[in-house]
Amino acid sequence: MAKNLIISISGMRGIIGENLTPDIVARYGCAFGAFLKEHYREKYEKLKVCIGRDSRPSGPMLASAIISGLNSVGIDVIDLGIVTTPCVGIMLRNLSCAGGIVITASHNPIEYNGIKLLLDNGIAPPPELSEKIKKRYYDNDFDLVDSISCGKLSFNDQTDRVHIDKVISIINPHSIEEKRYKVVLDSVNGAGGRIGKTILNELGCEVIAINNEMTGIFAHTPEPTKENLVELAERVKEEQAMVGFAQDPDGDRLAIVDENGFYIGEEYTLALAAKYIFSKMQGPAAANLSTSRMIDDIAAKNGSQVIRTPVGEANVADAMIKNNCVIGGEGNGGVIDLRVGPIRDSIVGMAMVLQLMAETGKTISQLVNEIGGYYVYKTKAPADGDQAQAVIEKVKKQFPQAKLNTSDGCRLDFEDGWVHIRTSNTEPIMRIIVETVDQQAAAKYIYAISNIQQEVLA
Ligand code: MG
């Protein structure tokens, strides 16, 4: 297999011109199509799949390849063009498709691209089904259909409308419209620019849209972190805007800059969204094990609880559906509201944050102050699964008083904070996150873990 091509449970990711080639992708389309035919043989008579892509220049090439694969095994395809990842999850259900495909490498640099697969519920296949798709791909286990049975290709340009209407239906747009907020939106020339600008305009905002061309020529390193959003922060200050929003290239993550041009950190996106939701309703929330405790604090004030899941949006979405969660997501700026769709959605995030501002009359910095915060330390180290497990066992022994969650590596919860140690799904590394009430509290955990790491990895 070519170097760096990764086929994981969430799909396929590689480098254009090196290993993510049209023949590989067409074959992956055949395998996914054959899988869907078998998996849904009793549910659908004629199978349709909808496909969307982010704005990377390699998107159309990969789209044609995977569409060929799907058509060649008899699956009809509806091409949505350049749309955000959450849009595909929404449209596939809207159009009664058996599956969905998103062509994106999310926040990775331009040389990468990838293919994400979704089932008819809008969620990535669970591991046991992903294995089946992978096996079909490696074994060439699919039957090509004859000329008359080839799948058809059609196009649909209604995605933004459908998505925006769904988002507006869960808020009160008039209270936002009255405020006439000045907002700077940085879409990094990704797929979120068009829909982002449209909904903000419809909500009565004065929108200053930067990096809003959907060219896939990223205006800065695409991950929406502080160091990559300097332009946004400066622009918010210059324009005296009330808020700055940053989307990642496929529009599922949202980062926020406050009215002073200060990057508040992606963990606050979900916290602010949860603050809005819990001002309206009660019910459980879901978040992955690496997400800040801020959401627990916000839920607790409302008498609600947070269900913790393994890392990975499908795990969060799954828990949300099973437990009827009113809000969920991940600390990387990913907010999920099932009334819109089961995928992290920057549009949902923006709408909820503006609604919270409008209803409370408070600024982002005031709202962040109310939420409070924690000291966070993150690190990673090269380690295989056995080494990571050895570290976890020793850390558990060192802190026997901790409350444990071992559904994804190990999270140890204490009065004054928590530690999460897990292995990466895509690289041989171990990730460690420590979140505590202050830096002093973190020191004892960081010190103990780094000693253990040295012992194990020596
Ligand atoms: Mg993304």
Open item on the list: Condition check: surrounded by fewer than 20 Cβ atoms within 10 Å (Cβ to Cβ), more than 16 Å from the ligand (Cβ to nearest atom) and assigned to a helix (DSSP H, G or I). Does Lys394 satisfy that?
Closed with: yes
Open item on the list: Just to verify a result, which residue in the range 222-267, among those that are of a type in the set (A, V, I, L, M, F, W, C) and in a helix (DSSP H, G or I), is surrounded by the fewest Cβ atoms within 10 Å (Cβ to Cβ)?
Closed with: Val230
Task: Ile75 being buried (at least 24 other Cβ atoms within 10 Å of the Cβ) and away from the ligand (no atom under 14 Å from the Cβ) - done: yes
Open item on the list: One residue is enough: does the range 79-86 have a residue meeting the conditions part of a helix (DSSP H, G or I) and either modelled with pLDDT of 95 or more or in contact with a Pro (Cβ under 6 Å, 6 or more places away or on another chain) (or both)?
Closed with: yes
Task: Meets criteria (assigned by TED's automatic domain parsing to the domain that holds Tyr263, at pLDDT 95 or above and within 16 Å of the ligand (Cβ to nearest atom)) for Gly361 - done: no
TODO: Kindly list, by first and then second residue, each pair from a residue in the range 252-265 that is closer than 15 Å to Glu239 by Cβ to a residue that is within 16 Å of the ligand (Cβ to nearest atom), limited to pairs with Cβ atoms under 7 Å and residues at least 6 apart or on different chains.
DONE: Val257/Leu229
Open item on the list: Being touching a residue at least 12 places away in the same chain (Cβ under 8 Å) and in contact with a helix residue (DSSP H, G or I) (Cβ under 8 Å, 6 or more places away or on another chain) is the requirement here; does Ala319 meet it?
Closed with: no
- [ ] Give the residue that is surrounded by the fewest Cβ atoms within 10 Å (Cβ to Cβ), with candidates limited to residues of the range 1-23 that are more than 10 Å from Ile115 (Cβ to Cβ) and either β-branched (Val, Ile, Thr) or at pLDDT 95 or above (or both).
- [x] Asp23
- [ ] Scan the range 126-157 for residues that are touching a residue at least 60 places away in the same chain (Cβ under 8 Å), touching a strand residue (DSSP E or B) at 6+ places or on another chain (Cβ under 9 Å) and of a type outside the set (Lys, Arg) and report the count.
- [x] 11
- [ ] Determine which single condition Gly312 fails, assuming it passes every other condition in (1) farther than 29 Å from Val207 by Cα; (2) at pLDDT 95 or above; (3) within 16 Å of the ligand (Cβ to nearest atom); (4) among the small types (Gly, Ala, Ser).
- [x] (2)
- [ ] Name the residue, out of Ala381, Ala388, that is buried (at least 24 other Cβ atoms within 10 Å of the Cβ) and at pLDDT below 95.
- [x] Ala388
- [ ] Filter the range 139-173 for residues that are within 30 Å of the chain's Cα centre (by Cα) and part of a helix (DSSP H, G or I) and give the result.
- [x] Thr159, Asp160, Arg161, Val162, His163, Ile164, Asp165, Lys166, Val167, Ile168, Ser169, Pro173
Open item on the list: Among the numbered criteria (1) among the β-branched types (Val, Ile, Thr); (2) crowded, with 24+ Cβ neighbours inside 10 Å; (3) within 15 Å of the ligand (Cβ to nearest atom); (4) more than 25 Å from Val162 (Cβ to Cβ), which one does Val188 miss?
Closed with: (4)
TODO: Look at Ser169 and say whether it is among the small types (Gly, Ala, Ser) and not assigned by TED's automatic domain parsing to the domain that holds Ser58.
DONE: yes
TODO: Name the single residue, out of those in the range 201-221 being out of contact with any helix residue (DSSP H, G or I) (no Cβ under 7 Å at 6 or more places or on another chain) and not in a loop (DSSP other than H, G, I, E, B), that is nearest to Asp160 (Cα to Cα).
DONE: Asn201
TODO: Just need a number here: residues in the range 403-412 that are out of contact with any Ser or Thr (no Cβ under 7 Å at 6 or more places or on another chain), buried (at least 18 other Cβ atoms within 10 Å of the Cβ) and of a type outside the set (Lys, Arg).
DONE: 3
Open item on the list: Go through the range 101-126 and report how many residues are in a strand (DSSP E or B) and of a type in the set (Ser, Thr, Tyr).
Closed with: 1
- [ ] For residues that are more than 16 Å from the ligand (Cβ to nearest atom) and either crowded, with 24+ Cβ neighbours inside 10 Å or assigned to a helix (DSSP H, G or I) (or both), tally how many sit in the range 268-280.
- [x] 9
Open item on the list: When you check Thr198 against the structure, is it in contact (Cβ under 8 Å) with a residue 60 or more places away in the chain, surrounded by fewer than 19 Cβ atoms within 10 Å (Cβ to Cβ), in the same structural domain as Ser365 (by TED's automatic domain parsing) and more than 16 Å from the ligand (Cβ to nearest atom), yes or no?
Closed with: no
TODO: Tell me, please, whether a residue that is outside the structural domain of Thr225 (by TED's automatic domain parsing), polar (S, T, N, Q), over 19 Å from Ile15 (Cβ atoms) and within 16 Å of the ligand (Cβ to nearest atom) can be found in the range 99-118.
DONE: no
- [ ] Please enumerate the residues belonging to the range 231-255 that are under 22 Å from the mean Cα position of the chain (by Cα) and away from the ligand (no atom under 16 Å from the Cβ).
- [x] Leu232, Val243, Gly244
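The values are calculated or read from the model by the stated rules, or taken from the named source; none is laboratory data. Keep in mind the model is a prediction, meaning the values are calculated, not measured. Don't worry about glycine lacking a Cβ; one is built from the backbone with ideal geometry, like all the others, and counts go over all protein chains shown.
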